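Just so you know, all these numbers are worked out from the coordinates, no wet-lab data involved. The structure displayed is predicted, hence computed values, not measured ones. Quick reminder, even Gly has a Cβ in these numbers, built from the backbone with ideal geometry, and neighbours come from all protein chains shown.
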Amino acid sequence: MFSAIIVLGLLALTFGLLLGFIAIKFKVEGDPLVEKIDAVLPQTQCGQCGYPGCKPYAQAIANETADINQCPPGGETTIIALADLLDREPKPLNPENGEESGKTVVYIDEQTCIGCTLCIQACPIDAIAGAAKQMHTVIESECTGCNLCIPPCPVDCIIIKPVNETIDSWQWDKPNAIAEAKS
Amino acid sequence: MIKNLFKFPGGVHVSQFKDLSIHEKVEPAKLPSKLVLPLHQHIGAAAEPCVEIGELVLKGQKIASANGYVSAPIHAPTSGTIEDIGDYPIAHPSGMSAPCIVIKPDGDDKWIELESHASDYSSIDPSHLRNIIRRAGIVGLGGAGFPTYIKHNPGPDGSVDTLIINGSECEPYITCDDSLMRDRPDEIVCGIRIIKHALNAKHVVVAIEDNKPEAFQAIKKALADFDDESIEAVQIPTIYPAGSEKQLIYTVTGKEVPQNSLPINISIVCQNIGTTAAVYRAINHGEPLISRYVTVTGDIHQPKNLEVLFGTPINELVDQCGGVKGSVRRLIIGGPMMGFAMHQLNLPVIKTTNCVLIDAKESKAFKTRDFAMPCIRCGSCAEACPAGLIPQQLYWYSKSQEFDKAQDYNLYDCIECGCCDYVCPSKIPLVQYYRFAKAEIWKRELEMQKSNTARQRHEFHQFRVEREKAEKAEKHRQKKAALQAKENANKDDIKTGKEADPKKAAILAAMERAKAKKAEPKNTDNLTEAQKKLIAEIDAKRAKQRNAASQAKPTNEDSKDSNNS
């Protein structure tokens with residue numbers, strides 16, 4: 001009987017040490033679920049969800065303190081992707097957070113800009129170039145269309161511009177399902 | 001020598017309709033009232049205009065230069081004035097406008113002075129040949145418009161095994177390559193020899209479908225004149241899409257181009273017939289690419305091939321061919337299998353326009369797409385697919401937007417040839433689904449990249465804000481510490497009587513002086529009795545007045561008054 005206890009005890013010790021070692025050696029940094037949710041979000045950092053950025057919203061979804069339908073820039077695509085990821089039912093976008101709209105960027109009217117740098121401080125992705133008392137310009141290719149720079153502007157010189165489809169960004173439409181069903 | 005040919009999977013036998021346009025003699029298209037030249041006529045970056053509005057240009061003069069490696073310059077197709085540089089409708093499936101250069105011809109058709117290169121191409125270094133081809137703005141004339149000079153790079157080996165000249169022209173209706181082979185076999189063969197030299201190709205095969213016997217005989221005769229055994233012409237069976245690059249390579253060599261790979265990776269290069277003729281014109285005559293053969297066919301009175309200057313509006317070509325039989329339903333650019341429909345005729349011919357096909361409302365030649373029945377899983381599409389794919393699975397996944405699965409079924413190997421569409425008994429627009437799926441995957445990929453950049457930028461922004469805060473706090477702390485140290489030092493100085501700081505010393509000296517001044521005798525000292533009496537009187541008087549006023553407004557003027565008096 002003693003031998004059995006010793007053998008089992010040794011086994012328990014060996015596996016305990018092994019598991020302990022693995023837990024330290026292969027420790028997962030951060031919360032992988034938050035990372036996964038964050039990857040699905042559109043990264044506009046606009047705060048329309050009620051959180052100060054995409055990562056905090058991802059954190060809130062992971063903690064189940066926020067719902068998956070609070071991201072207007074992501075819209076339906078993001079909601080479906082989140083529902084897939086978290087194995088939940090997709091639901092329509094919460095109207096309290098805003099409406100899904102086409103992609104936009106902002107544009108600074110350089111004639112009116114007084115160079116106050118307030119928009120530069122407001123931009124969550126540093127996509128506005130300029131300095132105090134110097135004209136500011138939006139780096140259009142980096143702008144996510146979060147519109148966070150608009151409220152601080154004291155002279156209202158920031159304009160929202162829709163991203164128009166060009167011949168290069170044009171793509172084939174999905175064939176009309178209605179025409180197909182009509183038979 | 002090619003001993004036996006290989007049969008690629010699938011393919012369809014389609015009605016040819018090539019008789020419509022092949023019998024008429026090729027004639028040059030009439031000089032139009034204006035030429036509209038899109039800046040983007042090829043795969044790669046759009047060219048950049050190098051002329052200004054109002055400038056006079058000569059035929060063959062460069063009007064837009066290549067922008068980057070994968071790009072091609074554009075030349076003036078005739079002499080005239082630059083009328084405008086701006087957006088005009090072009091032949092693109094989106095129906096949108098794009099930047100174009102408009103030339104108003106002066107009618108002289110005067111050539112710019114051409115730099116004729118040695119008639120003996122073999123003395124020219126291959127890399128120099130490539131440069132001439134590049135400067136001539138030559139792109140693949142088969143339909144894709146890939147800049148030719150890039151294809152003419154044999155790679156690190158310095159040579160390629162097989163150069164295949166594509167004369168199969170498998171799409172119905174189109175006969176421009178057929179006409180070119182009949183009209184100019186010598187130019188084509190010269191062009192082939194130049195490309196062979198540029199590529200250092202060991203073996204050249206001119207592949208012509210067996211429905212073009214005249215063209216085959218013409219090329220064969222021209223080849224016989226040169227007596228070059230490494231170049232041979234072969235007839236390949238007529239089956240659509242035998243002229244597609246990958247299928248043609250398989251037919252001729254039995255080799256498959258691996259996935260996500262180019263023919264050059266298996267030491268094969270494919271060139272279109274039209275491109276070879278253009279290369280000949282560029283090397284032997286110094287002429288840039290400014291015109292091509294275009295088949296004008298379909299529901300028109302005299303379908304034929306025309307030699308068209310780029311930028312010529314299609315409606316003028318249709319007029320030259322006797323006009324439309326009835327009213328236009330749509331215009332198809334390219335062939336009926338792979339072309340795209342446009343709904344206006346005032347569009348310019350560009351480098352890749354091989355065929356202009358008119359579909360009239362009155363004709364029943366084209367299968368219309370007004371309705372589609374459900375997929376019955378008959379499998380005909382899989383039998384017809386020349387790429388060996390399973391079109392119906394791709395269709396399901398594309399339709400339900402399960403793009404990952406569509407990619408698992410090798411969506412990107414689809415060449416969009418339209419065989420599956422053609423055989424589908426339910427008339428489902430399959431290729432359109434694949435195009436949609438491909439575009440959507442690209443779009444999502446781009447969005448993903450963009451959001452990743454935004455994330456990185458946001459993280460850096462947060463890091464920067466934190467860093468600046470920390471820096472500010474650190475600065476503040478340092479300042480405070482310095483101030484404290486100074487104060488401490490001050491106290492020490494006073495205690496020890498040291499005057500280390502000159503500033504402090506100056507202040508101290510000033511203070512000393514003020515003290516000394518205070519000690520000096522004032523004018524109130526050493527007064528006579530009479531003066532003292534007067535002062536006392538005045539003081540008493542002032543005190544009286546003050547008492548009266550001080551009830552309402554108490555002041556501290558006492559000290560001042562006493563000093564001043």
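A few points about this structure:
- Other protein chain C-beta atoms within 10 Å of residue C-beta, averaged over A:38-47: 4.
- For region B:127-286, the Cα-based Rg and Dmax, in that order, read 14.3, 40 Å.
- Tilt relative to chain B, helix B:126-135 - C-alpha long axis, 0 to 90 degrees, to 10: 80 degrees
- The equivalent ellipsoid that matches the C-alpha gyration tensor of region A:32-99 spans semi-axes of 15, 14, 10 angstrom, in descending order.
- The residue among A:Leu19, B:Thr352, B:Thr453 whose Cα reaches farthest toward the positive pole of the charge dipole of the protein assembly as shown, with charges on the beta-carbon of Lys, Arg, Asp and Glu, is A:Leu19.
- Lysines with Cα under 17 Å of B:Lys110, excluding same-chain neighbours fewer than 8 positions away: B:Lys30, B:Lys34, B:Lys59, B:Lys62
- Mean per-residue shielding of peptide B:413-422 is 0, counting Cβ atoms of other chains within 10 Å of each Cβ.
- Computed over every Cα-Cα pair of region B:292-343 and binned at 5 Å starting from 0, the pair-distance distribution P(r) comes out as 5, 20, 30, 30, 14, 2 percent.
- Binned Cα-Cα distances of region B:363-479, short to long, each 10 Å bin given as a whole percent: 12, 30, 18, 11, 9, 8, 6, 4, 1
- Looking at region B:178-252, the pairs of alpha carbons with a distance over 22 Å make up 21% of the total.
- Each Lys and Arg Cβ is given +1 and each Asp and Glu Cβ -1; about its Cα centre, the protein assembly as shown then shows a dipole of about 3220 debye.
- Once the mean of 1/r is taken over each pair of separate Cα atoms and inverted, region B:14-73 shows a Kirkwood hydrodynamic radius of 14.9 Å.
- What the Cα atoms of chain B give is an Rg and a Dmax of 43.1, 148 Å.
- DSSP beta bridges in chain B [antiparallel fraction, %, rounded to 5]: 60 percent
- Each 5 Å bin from zero up to the one holding the largest Cα-Cα distance in region B:329-385 carries the following percent of pairs: 4, 14, 21, 19, 14, 14, 9, 4, 1.
- Size of region A:28-183: Rg and Dmax of its alpha carbons, in Å, are 18.7, 66.
- Virtual spin-label span in nm between A:Leu85 and A:Leu8, 7 Å along Cα→Cβ: 4.5 nm
- Peptides B:8-17, B:421-430, B:505-514 ordered by average Cβ neighbours within 10 Å, highest first: B:421-430, B:8-17, B:505-514
- Kirkwood-based shape ratio for region A:102-164, expressed as Rg/Rh from alpha carbons: 0.92
- Here the 3J(HN,Hα) profile of region B:95-107, calculated from phi with Karplus coefficients 6.51, -1.76 and 1.60 at θ = phi - 60°, is x, 8, 9, 8, x, 9, 10, 9, 10, 9, x, 8, x Hz, Gly and Pro shown as x.
- Taking A:Trp172, B:Trp442, B:Trp111 and counting other C-beta atoms within 10 Å, the order from fewest to most: B:Trp442, B:Trp111, A:Trp172
- Hull-based mean projected area of the protein assembly as shown, where the convex hull spans the alpha carbons, in square nanometres: 69.4 nm²
- Cβ-to-Cβ counts within 10 Å put B:Ser79, A:Ser141, B:Ser179 in ascending order as A:Ser141, B:Ser79, B:Ser179, the fewest first.
- Degrees, to the nearest 10: B:213-226 long Cα axis against longest axis of chain B: 80 degrees
- Per-q log10 I(q)/I(0), region B:423-485, q = 0.11 Å⁻¹ (Debye; single scatterer per alpha-carbon; no solvent): -0.56
- Our summary gives chain B a relative contact order of 15 percent, counting only alpha carbon pairs under 8 angstrom and 6 or more residues apart.
- Of B:Arg193, B:Arg542, B:Arg329, the sequence from fewest to most neighbouring Cβ atoms within 10 angstrom is B:Arg542, B:Arg329, B:Arg193.
- Degrees separating the helix B:502-519 axis from the principal Cα axis of chain B, which is the longest one: 30 degrees
- Region B:340-404 and region A:56-80 have their alpha-carbon centroids 39 Å apart.
- Set the Cα radius of gyration of region B:1-122 against 2.2 N^0.38 Å, with N its number of residues, and you get 1.45.
- Between B:Asn211 and B:Asn153, full extension at 0.36 nm per residue minus the direct alpha carbon distance yields a gain of 17.7 nm.
- Screening chain A for whole DSSP H helices with an alpha carbon extent of at least 27 angstrom along the helix axis and a mean Kyte-Doolittle hydropathy of at least 1.0 yields A:2-25.
- Placing unit charges on each Cβ (+1 for Lys and Arg, -1 for Asp and Glu) gives region B:127-286 a dipole about its Cα centre, and among B:Ser261, B:Leu223, B:His203 the Cα reaching farthest toward its positive end belongs to B:Ser261.
- Computed about its Cα centre, the charge dipole of chain A is approximately 580 debye, with only Lys, Arg, Asp and Glu carrying charge at their Cβ.
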